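First up is the structure itself, then whatever we jot down about it.
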């Protein structure tokens, strides 16, 4: 789901930080101040400002995990996958029991086609949060990418048992059925996914992708066209 908020310009963010500094004589913005500024920039799809704000948060609190994870999220949006994985490694060092950091690093590895590292990370995330449907879908995505259709099918069946309205799981299961040459089942799952979320039907054609880009000019069209696994960030 693409977040939609009123846009914030860099000038507004600068004003916000200036106010924060004035309210605390003799001290600069705190980690939470920079994180808030970065979140406001993210809400406006201002990736560069968000990246700079999270970098400042890291300078203020270099042993805090969250600024590294937030900056990694920006890097993923900008397709800087190696940089995202590096930041998430640091976040994990700071907070080794946080499942979402492993799941997000798995995304970075998956997009670099480092399937063994991605699988190891998502297994670690699931060991900390075994009933998380998003993590199960992510593991299925990793298994599909590494041509392990039967194990992917097991994870997707489990997700669908947990939630019969998970369009993403049906969509992925359709691709698994195709790998296994179950043509009828694949078609049924595609129809189920499109009924729950019409954007999956639009993704079937170039015209549909054009419509999606017009509806969600920043993320939605790009997500489907360049990231067919449609992985969503689990950090939030």
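Read the figures in this text as sums done on the coordinates, not as results from a lab. These numbers come from a predicted model, not from an experiment. When we count neighbours, we look across all protein chains shown, and the Cβ atoms used for this are built from the backbone with ideal geometry, even at glycine.
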Helices (runs of 4 or more DSSP H) wholly inside the stretch 92-201 containing at least 2 residues that are touching a residue at least 24 places away in the same chain (Cβ under 8 Å) and farther than 26 Å from residue 81 by Cα: 149-162, 167-179, 183-196
Number of the condition not met by residue 45 [criteria: (1) farther than 17 Å from residue 88 by Cα; (2) touching a helix residue (DSSP H, G or I) at 6+ places or on another chain (Cβ under 8 Å)]: (2)
One residue from 48, 87 being part of a helix (DSSP H, G or I) and either buried (at least 24 other Cβ atoms within 10 Å of the Cβ) or within 15 Å of the chain's Cα centre (by Cα) (or both): 87
Out of 121, 189, 155, sole residue that is more than 22 Å from the chain's Cα centre (by Cα) and crowded, with 21+ Cβ neighbours inside 10 Å: 189
Subset tally (residues that are farther than 20 Å from residue 65 by Cβ and crowded, with 18+ Cβ neighbours inside 10 Å) for the stretch 90-113: 2
The stretch 51-69 - residue that is more than 20 Å from the chain's Cα centre (by Cα) and in a helix (DSSP H, G or I) and, of those, nearest to residue 94 (Cα to Cα): 58
